[in-house]
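The values are calculated or read from the model by the stated rules, or taken from the named source; none is laboratory data. Keep in mind that this is a model prediction, so the values were computed, not measured. Quick reminder, even Gly has a Cβ in these numbers, built from the backbone with ideal geometry, and neighbours come from all protein chains shown.
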Amino acid sequence: MVSQTGFPAAPVDRAALARSLQPFGESVMLPPAAYVDPAVFAWEQKHFFGSGWTCVGFSTQLAQPGDQRAEPAGDGSVLLTRDEDGTLHAFANTCRHRGHELLPCGSAEQRNSIICPYHSWTYELSGELRFAQGFKAQAGFDSSAWGLAELPVTEWHGLIFVDGSGQAAPLADVLATLDEIVTPYEPERLVIAGQHTYDAAANWKILTENYHECYHCPVIHPELCRVSPPKSGENYPAQGAWIGGWMDLRDGMDTMSLDGTSLGTPLRRLDAPGLRTVVYVNIFPNVLLSLHPDYVMTHRLVPLAMDRTMIECTWAFAPEALDRPGFDPSYAVEFWDLTNQQDWAACESVQRGLSSPHAQPGPLSREEDAVYQFVTMVGRGYLGQQVWNPGAKAPAAS
Ligand code: FES
Ligand SMILES: [Fe+2]
């Protein structure tokens, strides 16, 4: 079909999608195939994660010239480098000789050139082929024709995004309205002091949908409900390639921790409401950004299979908090590690439940409006359309 994005439609039943795209209050969830069908997963890897902006890591992971890192992106992986001038580059992680990966996915390196581990072809950090053993004497070999395939890359508040298609609208434009919300937290200034990597037996969308509602909180998160009222807050209107909202802290609670106490430092640019709320936003397709008065938690989702997702979760604090003698980030890390595990257990059960041949898409409660926004983003994407609401303000909507 012809589409705004140039994508083909996903292999998902049109009538079922039409039901998911009905107005809020009348719609139902995506059909189970969206969560259990490998063909849908393959389409998503190609069109949601392999095209358009996908988060592949943090700027601090590539802070110095010579830093290199390979990360999964869609069906392949990308090689990130910081060159001598401080410019960040992203390349398809495949050697121009015979295709060996330049770095194993998930690994990092620090050196002033990129060296393929197979036959030692050597590239500049900016991607040009510097040396190919034995080719100097080969008539007609033009090394300038064999540089690495470069992909658009951009940094946004300390997160690195790559566009596998080379066609996406500027990320800053599609996140313009989110920028106003995130800027006071200065995530790019914060220091990661805690990290967990999870491997959840659930589809990435189930994890995201779960993030977008607190309808489940009174049932599975007693610790969370002690510090934040589950029915508090609101969601923002849909205005770009992101979704989210905020929740309040209970009186007397300073942050999300087991007893509501902060052992960190309030982030220096927050106003009074910022110090009493926690903001939860999802940058489509794979970042969940949780902005607290004293730390920022980031979940980066990396889909591994239709029913399996790697989740890289980090906790970042103000440098002045880390400078305090005896600073210990575990007040935040332990609270969310417990909550994360409660969430993953629920999501894994949803994955198993949706695998039943009798599973049917269910309705959404009034508290699940952000889930609705997410489902309709995915549904529009499946139809080959731009994922965010065409009626919403998105400056670079193409
Ligand atoms: S495949 Fe990289 S040098 Fe041969
Ligand atoms: Fe939860």
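Annotations
- Applying the criterion of at least 2 residues that are of a type in the set (D, E, K, R) and more than 17 Å from N203 (Cα to Cα) to the helices (runs of 4 or more DSSP H) found wholly in the range 296-389 leaves 330-354, 369-382.
- Residue within the range 204-221 that is buried (at least 20 other Cβ atoms within 10 Å of the Cβ), more than 20 Å from T81 (Cβ to Cβ) and among the acidic types (D, E) present: yes
So that you can scan it fast, the table gives a plain yes or no per residue for (1) assigned to a loop (DSSP other than H, G, I, E, B); (2) within 16 Å of ligand 2 (Cβ to nearest atom):
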position	(1), (2)
L224	no, yes
P229	yes, yes
S232	yes, yes
G264	yes, no
D271	yes, no
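- Only one of the numbered conditions (1) more than 14 Å from W204 (Cβ to Cβ); (2) out of contact with any helix residue (DSSP H, G or I) (no Cβ under 8 Å at 6 or more places or on another chain); (3) not in a helix (DSSP H, G or I) is violated by P31, and that is (2).
- Pairing residues of the range 112-139 that are closer than 16 Å to F91 by Cα and hydroxyl-bearing (S, T, Y) with residues that are within 11 Å of ligand 1 (Cβ to nearest atom) and not in a strand (DSSP E or B), at Cβ distances under 6 Å and at least 6 apart in sequence or on separate chains, gives Y123/L148.
- A single member of M306, M310 is buried (at least 19 other Cβ atoms within 10 Å of the Cβ) and more than 16 Å from ligand 1 (Cβ to nearest atom), and it is M306.
- For the range 106-145, a residue qualifies if it is within 16 Å of ligand 1 (Cβ to nearest atom), farther than 25 Å from L62 by Cβ and of a type in the set (S, T, N, Q), and the qualifying residues are Q133, Q138, S143.
- Against the test of being of a type in the set (F, W, Y) and touching a strand residue (DSSP E or B) at 6+ places or on another chain (Cβ under 7 Å), the options Y123, Y118 yield a single qualifying residue, Y123.
- So N93, is it within 15 Å of ligand 1 (Cβ to nearest atom) and at pLDDT 95 or above: yes
- Residue in the range 62-84 that is assigned to a loop (DSSP other than H, G, I, E, B) and within 16 Å of ligand 1 (Cβ to nearest atom) present: no
- Enumeration of residues in the range 250-271 that are of a type in the set (A, V, I, L, M) and within 21 Å of N340 (Cβ to Cβ): M253, M256, L258, L263
- Candidates S257, S232: the one that is over 30 Å from A169 (Cα atoms) and crowded, with 20+ Cβ neighbours inside 10 Å is S257.
- Tally of residues being free of Cβ contacts under 8 Å to residues at least 12 places away in the same chain and either touching a Lys or Arg at 6+ places or on another chain (Cβ under 8 Å) or within 16 Å of ligand 1 (Cβ to nearest atom) (or both) across the range 192-221: 0
- Residue count for the range 36-59 satisfying the condition of being farther than 22 Å from E150 by Cβ and β-branched (V, I, T): 2.
- Of all the criteria given as (1) within 22 Å of the chain's Cα centre (by Cα); (2) farther than 29 Å from S77 by Cβ, the one not satisfied by Y382 is (2).
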